[in-house]
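All remarks here apply to the structure that follows.
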Amino acid sequence: MYETIQMLHSYLAYVALAILLIAVVNTISGLVSKRVFTMNKDLRLSLFTLIICHIQLLVGLILYFISPSGLNAIQEFGMGGLTSAARLLAVEHPFINILAIAAITIGWSRHKKFVEGDKKFKSIAIFYGIGLILILSRIPWSQWF
């Protein structure tokens, strides 16, 4: 079961990053070109990104509690006994990614308060962009490639 969830978390990460990058580029281009915020394209892309990122977070949290390099590593070695690679997986990666998903959620919630398209684009672009930067900063690259 652990290997299946780990594989799901790894492959879903590619999808989540790709869709998040597309959403950020879409909102920045909409902001720059002063395009009208449409329900068919812009809203659905932003909502789909939010959903995929939340699913990825849930899979990651499940993995955190069943993985030997998650909570079990902290319980076994303590915070002081973790190497930098183990600390990345057990502490930094989960914490920063929770903050990233929170930023994405804030961006989604804020955009709903605005009527003007430029403010909607700006809210999503800023918060989804922050989320993207945070996620990219804590990916365990050595395990990805």
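The values are calculated or read from the model by the stated rules, or taken from the named source; none is laboratory data. Please read these numbers as outputs of a predicted model, since none were measured by experiment. Ideal geometry is used to build each Cβ from the backbone, glycine not excepted, and the neighbour counts take in all protein chains shown.
Of everything in segment 83-110, what is of a type outside the set (A, V, I, L, M, F, W, C), part of a helix (DSSP H, G or I) and more than 20 Å from Q56 (Cβ to Cβ)? Give them in sequence order. I'd like the intermediate steps shown before the answer.
Taking segment 83-110 as the starting set, the residues that turn out to be of a type outside the set (A, V, I, L, M, F, W, C) are 83-84, 87, 92-94, 97, 105, 107, 109-110.
Imposing the further condition that a residue be part of a helix (DSSP H, G or I) reduces the set to 84, 87, 92-94, 97, 105, 107, 109-110.
S84, R87, R110 - these are the residues of segment 83-110 that are of a type outside the set (A, V, I, L, M, F, W, C), part of a helix (DSSP H, G or I) and more than 20 Å from Q56 (Cβ to Cβ).
Those residues that are exposed (fewer than 14 other Cβ atoms within 10 Å of the Cβ) and either of a type in the set (V, I, T) or not in a helix (DSSP H, G or I) (or both), I need them from segment 1-24; list them, please.
Matches in segment 1-24: M1, T4, V15, I22.
Pairs only if they're at least six apart or on different chains, beta carbon under 6 angstrom, first in segment 109-124 and surrounded by 14 or more Cβ atoms within 10 Å (Cβ to Cβ), second of a type in the set (F, W, Y); list them, first residue then second.
Filtered contacts from segment 109-124: G117/F37; K120/F37; K120/F114.
So which pairs qualify, if the first residue must be in segment 30-52 and part of a helix (DSSP H, G or I) and aromatic (F, W, Y), the second must be modelled with pLDDT of 90 or more and surrounded by 13 or more Cβ atoms within 10 Å (Cβ to Cβ), the Cβ gap must be under 7 Å, and the two must be at least 6 apart or on different chains?
F48/I19
Can you tell me which residues in segment 111-125 are in a helix (DSSP H, G or I) and of a type in the set (D, E)? First the steps, then the outcome.
Here is the first cut: in segment 111-125, the ones in a helix (DSSP H, G or I) are 111, 117-125.
D118, the sole residue that qualifies.
Would you confirm whether or not segment 64-78 contains a residue that is in contact (Cβ under 8 Å) with a residue 40 or more places away in the chain and farther than 20 Å from S142 by Cα?
Checking segment 64-78: at least one residue is in contact (Cβ under 8 Å) with a residue 40 or more places away in the chain and farther than 20 Å from S142 by Cα.
Out of the residues in segment 29-46 that are among the hydrophobic types (A, V, I, L, M, F, W, C) and loosely packed, with under 14 Cβ neighbours inside 10 Å, which is nearest to W108 (Cα to Cα)?
Residue satisfying both the conditions and the ranking: M39.
Looking at H111, H93, can you tell me which residue is in contact with a Pro (Cβ under 8 Å, 6 or more places away or on another chain) and not small (G, A, S)?
Sole residue among the options that is in contact with a Pro (Cβ under 8 Å, 6 or more places away or on another chain) and not small (G, A, S): H93.
For segment 72-81, does any single residue satisfy the condition of being part of a helix (DSSP H, G or I) and surrounded by 16 or more Cβ atoms within 10 Å (Cβ to Cβ)? Reasoning before the result, please.
Of all residues in segment 72-81, those part of a helix (DSSP H, G or I) come to 72-77, 79-81.
Subsequent filtering for residues that are surrounded by 16 or more Cβ atoms within 10 Å (Cβ to Cβ) retains 73-74.
Yes: segment 72-81 contains one or more residues that are part of a helix (DSSP H, G or I) and surrounded by 16 or more Cβ atoms within 10 Å (Cβ to Cβ).
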